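This report refers to the structure that appears directly beneath it.
The values are calculated or read from the model by the stated rules, or taken from the named source; none is laboratory data. On a predicted model such as this, the values are computed, not experimentally measured, just so you know. Note that we place each Cβ from the backbone using ideal geometry, even for glycine, and neighbour counts take in every protein chain shown.
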Amino acid sequence: MVNAVNACHIENDAPANENRIAPRETLESEIFIQQSGNKLCRVTLSNISESGFRMTSKRNLDHLQPIFIRLPGIPSLSATIRWEGFKDYGCQFSQPLSANIYDRLLSKLKSLDAEA
């Protein structure tokens with residue numbers, strides 16, 4: 001089951017020297033991802049933007065394989081792992097999300113939180 005734990009808010013504590021493409025929304029949301037040939041894996045999102053996201057996974061992920069975010073009612077979203085540290089992964093969407101898809105994604109995460 002996918003569970004969005006907290007409502008989203010804009011992350012203002014990022015270091016000033018980070019060159020972000022888009023502002024990040026801070027959240028703590030459990031979702032499922034999948035890499036080619038592997039089973040679904042539960043991860044925790046810690047932030048998300050139109051261009052990418054940060055997640056924590058208990059399973060080691062292959063940084064050479066694309067990942068796919070799976071949420072009910074939202075088309076599968078493809079991303080590439082850009083950095084990893086311990087169990088944290090910084091990912092970039094294959095295509096930046098349109099404002100419409102990004103809003104739907106945040107709305108879905110918030111509605112899942114309300115259902116929990």
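Answer yes or no: is there a residue in the range 55-65 that is free of Cβ contacts under 8 Å to residues at least 40 places away in the same chain and either within 16 Å of A22 (Cβ to Cβ) or among the small types (G, A, S) (or both).
There is at least one residue in the range 55-65 that is free of Cβ contacts under 8 Å to residues at least 40 places away in the same chain and either within 16 Å of A22 (Cβ to Cβ) or among the small types (G, A, S) (or both).
Out of curiosity, is D13 more than 12 Å from the chain's Cα centre (by Cα), acidic (D, E), part of a loop (DSSP other than H, G, I, E, B) and modelled with pLDDT of 90 or more?
no
Output the number of residues of the range 67-103 satisfying the condition of being of a type in the set (D, E, K, R) and part of a loop (DSSP other than H, G, I, E, B).
Result for the range 67-103: 1.
Could you figure out which of (1) surrounded by 14 or more Cβ atoms within 10 Å (Cβ to Cβ); (2) of a type outside the set (F, W, Y); (3) at pLDDT 85 or above isn't true of R82?
All conditions pass for R82, except number (1).
For the range 21-61, give me every one of the strands (runs of 3 or more DSSP E) that falls completely inside it and has 3 or more residues that are under 11 Å from the mean Cα position of the chain (by Cα) and among the β-branched types (V, I, T).
Because the criterion is at least 3 residues that are under 11 Å from the mean Cα position of the chain (by Cα) and among the β-branched types (V, I, T), the strands (runs of 3 or more DSSP E) in the range 21-61 that meet it are 25-35, 41-48.
Inside the range 37-77, can you point out the residues that are surrounded by 14 or more Cβ atoms within 10 Å (Cβ to Cβ) and touching a helix residue (DSSP H, G or I) at 6+ places or on another chain (Cβ under 7 Å)?
E50, L71, I74
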